[in-house]
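Trainee: Let me begin by handing over the structure; questions about it come next.
Just so it is clear, none of the values below were taken in a lab; they were calculated from the coordinates. Here the structure is a predicted model, which means the values were calculated and not measured. When we count neighbours, we look across all protein chains shown, and the Cβ atoms used for this are built from the backbone with ideal geometry, even at glycine.
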Amino acid sequence: MSEGPRKQKYSATRRLQLKSKLLKKAASMLVAESEQKKQEKARVVNESFPPLMLSGLSVQELQDLCKELHRKIDVVDEARYDMEIKVAKNDMEIQTLNQKIIDLKGVKRPSLKRVKKTTDDMLGACTDSSKLMKADFKVNLKTVKKDDEKREEVTDWRKNVEAMSGMEGRKKLFNAGQ
């Protein structure tokens, strides 16, 4: 049932237009969703914590209100701490299970790559002609002629330093350079 190359249902401009419309729709949906989350959060906060009426309260009533708020904060902090501990334990358990899975799977061996060999290479591997080839490796090397270059005589360095010190030495270097 192969009918050859399939024709595209939409042209490139049409696909680009559809893509841009989808992106615009997704962006508007994200904005609406974030706005809805803000409204939901405000509603939950207003239900859970009604606004405080502090005007007209005596000092003793304000202190009692502060103590009650501190007790509520302590309860919330304990619940948050318990949740953090549970999450940390679950993370550790997930890590140990992942490590066990890796250990059970074992080390994965990489797939070997195929190496193309010519028939000469294959025949050479079967016969002992490789020993003959090893003996002939020096044949293809270049020969290098050694030129005897003039070398300065090595003298005592202390005498050279004494001769070159001071203005006379600099004058000798200047005259040697010209």
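Trainee: Counting only other residues whose beta carbon sits under 15 Å from that of Gln60, what net charge do I get with K and R as +1, D and E as -1?
Mentor: On the way: positive: Lys67; negative: Glu61, Asp64, Glu68.
Combined, the nearby Lys, Arg, Asp and Glu give -2.
Trainee: Mark the label point 7 Å from the Cα of Leu69 along Cα→Cβ and return the residues of region 33-56 whose backbone N is within less than 15 Å of it.
Mentor: 49-56
Trainee: Hey, another quick one. Multiplying the sequence separation of Asn46 and Asn90 by 0.36 nm and subtracting their Cα-Cα distance, what value in nm do you get? All intermediate terms of the calculation are to be shown ahead of the outcome.
Mentor: Working: separation 44, 0.36 × 44 = 15.84 nm, distance 3.30 nm.
Stretched out fully, the Asn46 to Asn90 stretch lengthens by 12.5 nm.
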